[in-house]
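*Asks:* Below you'll find the structure I mean.
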Amino acid sequence: AQSVTQPDIHITVSEGASLELRCNYSYGATPYLFWYVQSPGQGLQLLLKYFSGDTLVQGIKGFEAEFKRSQSSFNLRKPSVHWSDAAEYFCAVGANQAGTALIFGKGTTLSVSS
Amino acid sequence: DAGITQSPRHKVTETGTPVTLRCHQTENHRYMYWYRQDPGHGLRLIHYSYGVKDTDKGEVSDGYSVSRSKTEDFLLTLESATSSQTSVYFCAISEVAGAQYFGPGTRLLVL
């Protein structure tokens, strides 16, 4: 079955510290992988995407993610967290075919402490 | 940001009442989607459209219908709203395989 697992429901990180959010997926075909961020009361904003090629992808707001096929993982990282990064983060997987649903993880809520 | 608007942004309705949510895009993207977001479930696909008058069901389509008479508009209808349909509804668009871009959402409360 196709699925996305985000093992951490809630993470608290000190401002200025590094961040890693975990994402594992189960998908039959070669996946397209995404990270989205959602601030309270807002829609989802695309942070970054992986289709093929270099397994380390750069996104907006200083985020990056690394695709590891052997581990079926696509973890999101940021070297130094800012208070404005507090939000909910969703990992998603999709097919190499337009018109198919993205399968989302249940999200990780990031809190940033001062 | 992708040009996607949703209306209304908030709605309170009563059980048994029909409700229609609208998604409007200015990007001329071919594909449009309706998702619902519920605590502990992430986002789940309700219906999607791959062109004018071309739609298909998603994972949680029961109790919902959709229509797309123009490229820019995708309507989601709850024929007879139930409390289990209280949720936040997101519209998304895409042009090709890959990333979908989301609207701001509609918060629906069914009493």
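*Asks:* Taking 35 Å as R0, compute the FRET efficiency from the Cβ-Cβ separation of residue A:64 and residue A:29 and round it to 0.05.
*Replies:* Rounded to the nearest 0.05, the efficiency is 0.90.
*Asks:* Next question. Would you give the gap between the C-alpha center of the range A:1-38 and the C-alpha center of the range B:14-51, rounded to a whole Å?
*Replies:* 23
*Asks:* OK, next. What shape does the protein assembly as shown have by the C-alpha gyration tensor, where a ≥ b ≥ c are the square roots of the eigenvalues, rounded means a/c under 1.5, and otherwise prolate means a/b greater than b/c and oblate the rest?
*Replies:* prolate
*Asks:* Using Cα-Cα distances under 8 Å and only pairs 6 or more residues apart, what relative contact order does chain B have, in percent?
*Replies:* Relative CO of chain B lands at 36 percent.
*Asks:* Shifting gears a bit: Could you compute the net charge surrounding residue B:17? Neighbours are other residues with a C-beta less than 14 Å from the C-beta of residue B:17; K and R count +1, D and E count -1.
*Replies:* Net charge in that neighbourhood comes out at -1.
*Asks:* Also: Summing Lys, Arg as +1 and Asp, Glu as -1, what charge do residues with Cβ under 15 Å from the Cβ of residue B:68 carry, residue B:68 excluded?
*Replies:* Value of the local net charge: 0.
*Asks:* Report the FRET efficiency, 1/(1 + (r/R0)^6), for residue A:54 and residue A:114, where r is their Cβ-Cβ distance and R0 is 25 Å, rounded to 0.05.
*Replies:* That pair, residue A:54 with residue A:114, gives E of 0.10.
*Asks:* Whats the longest run of chain B with zero trypsin sites (Lys or Arg not before Pro) that are DSSP loop and have at most 14 other Cβ atoms within 10 Å?
*Replies:* That gives B:54-111 as the longest site-free run.
*Asks:* While we're looking at this one, here's another question. For the pair residue B:111/residue B:80, report the inter-label distance in nm, with labels modelled 7 Å from Cα in the Cβ direction.
*Replies:* Distance between label points: 2.1 nm.
*Asks:* Suppose we keep just the alpha-carbon trace of chain A; what are its Rg and Dmax in angstrom?
*Replies:* Calculated on Cα positions, Rg and Dmax stand at 13.5, 43 Å.
*Asks:* Each residue of the range A:6-18 in order: what ³J(HN,Hα) in whole Hz does its phi give by Karplus 6.51 cos²θ - 1.76 cosθ + 1.60, θ = phi - 60°, with x for Gly and Pro?
*Replies:* 10, x, 9, 6, 9, 10, 10, 10, 6, 4, x, 7, 7
*Asks:* Could you check the simple spin-label distance between residue A:12 and residue B:41, using points 7 Å along Cα→Cβ, in nm with one decimal?
*Replies:* Result: 3.0 nm between the two label points.
A short reminder: the numbers here are calculations on the coordinates, not readings from a lab. Since we're looking at a predicted model, the values are computed, not measured. Note that we place each Cβ from the backbone using ideal geometry, even for glycine, and neighbour counts take in every protein chain shown.
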